[in-house]
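Asker: Here it is, the structure, as structure tokens.
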Amino acid sequence: MDKRTFLKTVTGAAVSYACLDKALASVHNLEPQTVAQDETFWAEIRKGFRLKPDYINLENGYYLMQSEEVLEGFIKNVREINYQASYYMRTRQFDDKKERRQQLANLLGCSVEEVIITRNTTESLDTVIAGLNWQKDDEAIMAEQDYGAMLDMFKLQARRYGTVNKIVSIPNDPKSDDEIIALYEKAITDKTKLILVSHMVNITGHIMPVKRICDMAHSKGVEVLVDGAHAFAHIDFKINDLSCDYYGSSLHKWLCCPLGAGLLYIKKEKIEKLWQMFGDMGFKDDDIRKLNHTGTHPVHTDLAIENAINYHKKIGIERKEARLRYLQNYWTDKLRGVPHIVINTPTDKKRSCAIANVGIDTLKPADLAKTLLEKYKIWTVAIDYANVKGVRVTPHLYTSVQELDTFVAALKALAKG
């Protein structure tokens, strides 16, 4: 990078920070629902992101880019770790990691003794699934709409220990919470050890009634593991609102951290019985850090958690959730009931937030995603399994309603064709 480019980058970052602070000051006393529809405010937020002009990005659910503010903080961390090298690793590393764990615990509403930093949701949930003391014929319950990597991990336990996996199927548009809870309750037997439930179904955006599922399961002596990949820092909740035993999430999604950061929550009294995946005899059995033996890893990613949390707090979870739900309802409301268009996300607006799924009954999902990108320059992802046929649509804080209007027009044109 030459001097001119460097100065331009630094100046641009400073301007975006100033724009953010000014924009936030302008809505300080307004209700989140009001701010959600303030396009002038969100246009200022958009200035803080570097966006490719080649396409409209409506596939933010896989990996949400950092704002320039968070990205610059991350790069600064990389430079500092490179500068201090082994001195940092041997002196500051562990205290800094505990501080980031504390910050995550504060967001989640739990004790720092119940949280560790992992690399992603898959690692978090696999740590629990592999750590349980499975016996032959023990049963686990999950849904076919759960994330594939988790289903595979349960298949591995079945091969290794002779456990039994019982699969339920979640309706795309349930009539009530009772309908969902009954699916899991009917699958429970006296051999059921664990239920996996998605806080937010990744392929449809369906927010599940986790607390009621947990209360039902606990009444029958069954533990609950929650896949929170898409819920943490997306919707406003605390871990006590769920009453679950275990919770995993990816921080590179809705908290907008760099790739390589996740979290695992384990209720304090559940830690001792879990076996660690890798040998680490330096901690007591009831210390959650026994499960966090990852060797030497990119600590600058852990440090960036603080940068991401600071940005997240500036926006505010209430504003963030309100805006994301507004954006999803903005486009789905325009498409529900249109001939040949199928919305695979619940009609009840309380049951979803940013993520939704839409299909055209005359097009295969892969063909729909391909056409949207090649003809209309709109980036989505095709979903074609577990009774969900369509493309997943995931806007972010920088998404404009004009972009969604373009998407809606494209879907209507394709449905007519």
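Asker: Just to verify a result, which residue in region 397-411, among those that are of a type in the set (V, I, T) and within 15 Å of R323 (Cα to Cα), is surrounded by the fewest Cβ atoms within 10 Å (Cβ to Cβ)? Explain how you work it out, then say what you get.
Answerer: Quick first cut of region 397-411, residues of a type in the set (V, I, T) only: 399, 401, 406, 408.
In the following step, the residues that additionally are within 15 Å of R323 (Cα to Cα) were identified as 399, 401.
Values: T399: 26, V401: 16.
Restricting to residues being of a type in the set (V, I, T) and within 15 Å of R323 (Cα to Cα), the top hit is V401.
Rundown of residues vs (1) β-branched (V, I, T); (2) in contact with a His (Cβ under 6 Å, 6 or more places away or on another chain); (3) outside any loop (DSSP other than H, G, I, E, B); (4) in contact (Cβ under 8 Å) with a residue 24 or more places away in the chain, yes/no style:
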| site | (1), (2), (3), (4) |
| --- | --- |
| A105 | no, no, yes, no |
| K155 | no, no, yes, no |
| T189 | yes, no, no, yes |
| K193 | no, no, yes, yes |
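Asker: Follow-up question, since we're still on this one. Filter region 272-288 down to the residues that are in contact with an Asp or Glu (Cβ under 7 Å, 6 or more places away or on another chain) and surrounded by fewer than 20 Cβ atoms within 10 Å (Cβ to Cβ) and list them by number.
Answerer: Pass one, region 272-288, residues in contact with an Asp or Glu (Cβ under 7 Å, 6 or more places away or on another chain): 272, 285-286, 288.
Passing the criteria: E272, D285, D286.
Asker: Keeping to region 57-72, report how many residues are over 29 Å from L30 (Cα atoms) and outside any loop (DSSP other than H, G, I, E, B). Outline the logic, then answer.
Answerer: Start the filter on region 57-72 by keeping residues that are over 29 Å from L30 (Cα atoms), which leaves 59, 62-63, 72.
Those still in the list that are outside any loop (DSSP other than H, G, I, E, B) too: 59, 72.
The number of residues fulfilling the criteria is 2.
Asker: Also, quick follow-up: Report, by residue number, each residue of region 369-392 that is in a strand (DSSP E or B) and either in contact (Cβ under 8 Å) with a residue 24 or more places away in the chain or of a type outside the set (D, E) (or both).
Answerer: As a first pass, look at region 369-392 and keep what is in a strand (DSSP E or B): 378-379, 381-385, 388-392.
Answer for region 369-392, where residues must be in a strand (DSSP E or B) and either in contact (Cβ under 8 Å) with a residue 24 or more places away in the chain or of a type outside the set (D, E) (or both): I378, W379, V381, A382, I383, Y385, V388, K389, G390, V391, R392.
Asker: What is the residue count in region 245-262 for residues that are more than 23 Å from R325 (Cβ to Cβ) and in contact with a strand residue (DSSP E or B) (Cβ under 6 Å, 6 or more places away or on another chain)? Break it down into steps so the answer makes sense when it comes.
Answerer: The initial filter retains those residues of region 245-262 that are more than 23 Å from R325 (Cβ to Cβ), namely 245-246, 248, 258-262.
Narrowing further to those that are in contact with a strand residue (DSSP E or B) (Cβ under 6 Å, 6 or more places away or on another chain): 245-246, 248, 262.
Result for region 245-262: 4.
Asker: Oh, and also: As an exercise: evaluate F94 against (1) assigned by TED's automatic domain parsing to the domain that holds T192; (2) aromatic (F, W, Y); (3) touching an Asp or Glu at 6+ places or on another chain (Cβ under 8 Å) and give the number of the one condition it does not meet.
Answerer: Going through (1) assigned by TED's automatic domain parsing to the domain that holds T192; (2) aromatic (F, W, Y); (3) touching an Asp or Glu at 6+ places or on another chain (Cβ under 8 Å) one by one, F94 breaks only (3).
Asker: Now for a separate question. Before we move on, is E80 in contact (Cβ under 8 Å) with a residue 60 or more places away in the chain and over 15 Å from I195 (Cα atoms)?
Answerer: Numbers: in contact (Cβ under 8 Å) with a residue 60 or more places away in the chain: yes; over 15 Å from I195 (Cα atoms): yes.
So E80 passes the test.
Asker: Tell me, which residue of region 395-417 that is assigned to a helix (DSSP H, G or I) and touching an Asp or Glu at 6+ places or on another chain (Cβ under 9 Å) is nearest to D38 (Cα to Cα)? Write out each step before concluding.
Answerer: Applying the first criterion (assigned to a helix (DSSP H, G or I)) to region 395-417 yields 401-416.
Filter again for touching an Asp or Glu at 6+ places or on another chain (Cβ under 9 Å), leaving 401-402, 415.
Values: V401: 11, Q402: 13, A415: 31 Å.
Among those residues, the one meeting the criterion is V401.
The values are calculated or read from the model by the stated rules, or taken from the named source; none is laboratory data. Fair warning: this is a prediction, and the values are worked out from it, not measured in the lab. Cβ coordinates were reconstructed from backbone atoms using ideal geometry, including for glycine residues, and neighbour counts include every protein chain displayed.
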